[in-house]
Amino acid sequence: TNELYYLDCLNGSYEAANSLPEKNSAARCLDIYPRSNEFEEMTAVGFNNGSVLILNKYTAKISSIAAHSSPVSCLAWNEDSLLASGSDMGIVRVWKLSPNLSQKFTISHHKGSINALAWMPLYSDND
(Lines give C-alpha, C1' and ligand atoms only; values in the text may rest on other atoms or scores of the structure.)
Protein backbone atom coordinates (compact mmCIF):
# COMPACT_ATOMS: atom_id res chain seq x y z
CA THR A 1 0.00 0.00 0.00
CA ASN A 2 1.00 3.62 -0.43
CA GLU A 3 1.44 5.21 2.98
CA LEU A 4 2.38 8.75 3.94
CA TYR A 5 4.44 9.61 7.02
CA TYR A 6 5.17 13.02 8.51
CA LEU A 7 8.72 13.30 9.89
CA ASP A 8 9.56 15.75 12.68
CA CYS A 9 13.13 16.74 11.83
CA LEU A 10 13.68 18.40 15.22
CA ASN A 11 13.33 15.22 17.26
CA GLY A 12 13.47 12.43 14.67
CA SER A 13 9.95 11.19 15.35
CA TYR A 14 7.39 10.41 12.69
CA GLU A 15 3.70 9.74 12.48
CA ALA A 16 1.62 7.88 9.96
CA ALA A 17 -0.76 10.06 8.01
CA ASN A 18 -3.36 8.79 5.63
CA SER A 19 -3.14 5.53 3.75
CA LEU A 20 -3.28 6.65 0.16
CA PRO A 21 -6.24 5.23 -1.77
CA GLU A 22 -4.42 4.92 -5.12
CA LYS A 23 -4.01 1.14 -4.90
CA ASN A 24 -2.91 0.55 -8.50
CA SER A 25 -0.34 3.32 -8.81
CA ALA A 26 2.82 4.24 -6.95
CA ALA A 27 3.21 7.64 -5.30
CA ARG A 28 5.99 9.53 -7.05
CA CYS A 29 6.21 13.04 -5.57
CA LEU A 30 4.67 15.30 -2.96
CA ASP A 31 4.67 18.85 -1.67
CA ILE A 32 3.26 20.35 1.53
CA TYR A 33 1.26 23.58 1.39
CA PRO A 34 3.53 26.32 2.82
CA ARG A 35 1.06 28.55 4.70
CA SER A 36 -0.89 28.14 7.89
CA ASN A 37 -4.43 29.21 7.11
CA GLU A 38 -7.69 27.45 6.21
CA PHE A 39 -5.65 24.99 4.09
CA GLU A 40 -3.22 24.21 6.90
CA GLU A 41 -1.47 20.86 6.72
CA MET A 42 -2.47 20.16 3.11
CA THR A 43 -0.26 17.76 1.18
CA ALA A 44 -0.38 17.16 -2.57
CA VAL A 45 0.75 13.72 -3.76
CA GLY A 46 1.40 12.86 -7.42
CA PHE A 47 1.11 9.34 -8.83
CA ASN A 48 2.38 7.32 -11.77
CA ASN A 49 -1.18 7.07 -13.13
CA GLY A 50 -1.33 10.87 -13.59
CA SER A 51 -3.56 11.61 -10.61
CA VAL A 52 -2.96 14.12 -7.83
CA LEU A 53 -4.42 13.70 -4.34
CA ILE A 54 -4.86 16.54 -1.87
CA LEU A 55 -4.75 15.31 1.73
CA ASN A 56 -5.56 17.20 4.93
CA LYS A 57 -3.39 15.82 7.72
CA TYR A 58 -5.90 16.51 10.49
CA THR A 59 -9.28 15.84 8.93
CA ALA A 60 -8.17 12.98 6.62
CA LYS A 61 -10.24 14.66 3.90
CA ILE A 62 -9.05 13.61 0.47
CA SER A 63 -9.78 15.07 -2.94
CA SER A 64 -8.44 13.68 -6.19
CA ILE A 65 -8.01 14.96 -9.74
CA ALA A 66 -6.91 13.35 -12.99
CA ALA A 67 -4.13 15.89 -13.51
CA HIS A 68 -2.14 14.32 -16.35
CA SER A 69 -2.31 11.46 -18.85
CA SER A 70 1.24 10.43 -17.90
CA PRO A 71 3.03 10.08 -14.53
CA VAL A 72 3.13 13.17 -12.31
CA SER A 73 6.85 13.85 -11.92
CA CYS A 74 6.84 16.86 -9.57
CA LEU A 75 4.60 19.21 -7.59
CA ALA A 76 5.06 22.69 -6.10
CA TRP A 77 2.66 24.78 -3.99
CA ASN A 78 2.98 28.53 -3.70
CA GLU A 79 1.67 30.74 -0.89
CA ASP A 80 -1.35 31.87 -2.93
CA SER A 81 -3.03 28.43 -3.01
CA LEU A 82 -1.66 27.59 -6.47
CA LEU A 83 -0.29 24.12 -7.18
CA ALA A 84 1.93 23.41 -10.18
CA SER A 85 2.13 19.83 -11.42
CA GLY A 86 4.66 18.55 -13.94
CA SER A 87 4.52 15.36 -15.98
CA ASP A 88 6.81 12.98 -17.83
CA MET A 89 5.24 14.25 -21.08
CA GLY A 90 6.65 17.77 -20.57
CA ILE A 91 3.39 19.38 -19.47
CA VAL A 92 2.99 21.77 -16.54
CA ARG A 93 -0.48 22.50 -15.19
CA VAL A 94 -1.33 25.14 -12.62
CA TRP A 95 -4.27 24.57 -10.27
CA LYS A 96 -6.08 26.84 -7.79
CA LEU A 97 -7.23 25.42 -4.46
CA SER A 98 -10.54 27.08 -3.61
CA PRO A 99 -11.69 24.74 -1.91
CA ASN A 100 -11.23 22.05 -4.59
CA LEU A 101 -8.59 22.10 -7.28
CA SER A 102 -9.56 23.83 -10.51
CA GLN A 103 -7.21 24.16 -13.46
CA LYS A 104 -5.96 27.69 -14.19
CA PHE A 105 -3.72 27.06 -17.23
CA THR A 106 -1.38 24.63 -19.01
CA ILE A 107 2.15 25.07 -20.31
CA SER A 108 2.95 22.44 -22.93
CA HIS A 109 5.91 23.53 -25.04
CA HIS A 110 8.64 21.77 -23.04
CA LYS A 111 10.24 18.93 -25.03
CA GLY A 112 11.25 16.61 -22.17
CA SER A 113 10.07 15.39 -18.81
CA ILE A 114 9.46 18.03 -16.13
CA ASN A 115 11.79 17.01 -13.31
CA ALA A 116 11.45 19.92 -10.88
CA LEU A 117 9.21 22.92 -10.28
CA ALA A 118 9.64 25.99 -8.06
CA TRP A 119 7.80 29.27 -7.68
CA MET A 120 9.71 32.52 -7.94
CA PRO A 121 8.80 34.83 -5.05
CA LEU A 122 7.21 38.13 -6.01
CA TYR A 123 8.65 41.18 -4.31
CA SER A 124 7.08 44.59 -3.98
CA ASP A 125 8.93 47.89 -3.87
CA ASN A 126 8.51 47.78 -0.08
CA ASP A 127 10.58 44.59 0.34
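The values are calculated or read from the model by the stated rules, or taken from the named source; none is laboratory data. Owing to the predicted nature of the structure, the values given are computational and were not obtained by experimental measurement. For the accessible areas, the whole protein counts, side chains as well, though only heavy atoms, and no ligand, DNA or RNA atoms are used. Shrake-Rupley method; radii C 1.70, N 1.55, O 1.52, S 1.80 Å.
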(message) With a 1.4 Å probe and all protein chains kept in place, how do Arg28, Arg93 rank by accessible area, largest first?
(response) Arg28, Arg93
(request) Find how much the distance from Thr106 to Met89 grows on full extension, using 0.36 nm per residue of separation minus their present alpha carbon separation; answer in nm with one decimal. (result) 4.9 nm
(message) With a 1.4 Å probe and all protein chains kept in place, how do Lys111, Lys57 rank by accessible area, largest first?
(response) Lys111, Lys57
(message) Can you classify the stretch 57-112 as rounded, prolate or oblate using the Cα gyration tensor, where a ≥ b ≥ c are the square roots of its eigenvalues, rounded means a/c under 1.5, and otherwise it's prolate if a/b beats b/c and oblate if not?
(response) prolate
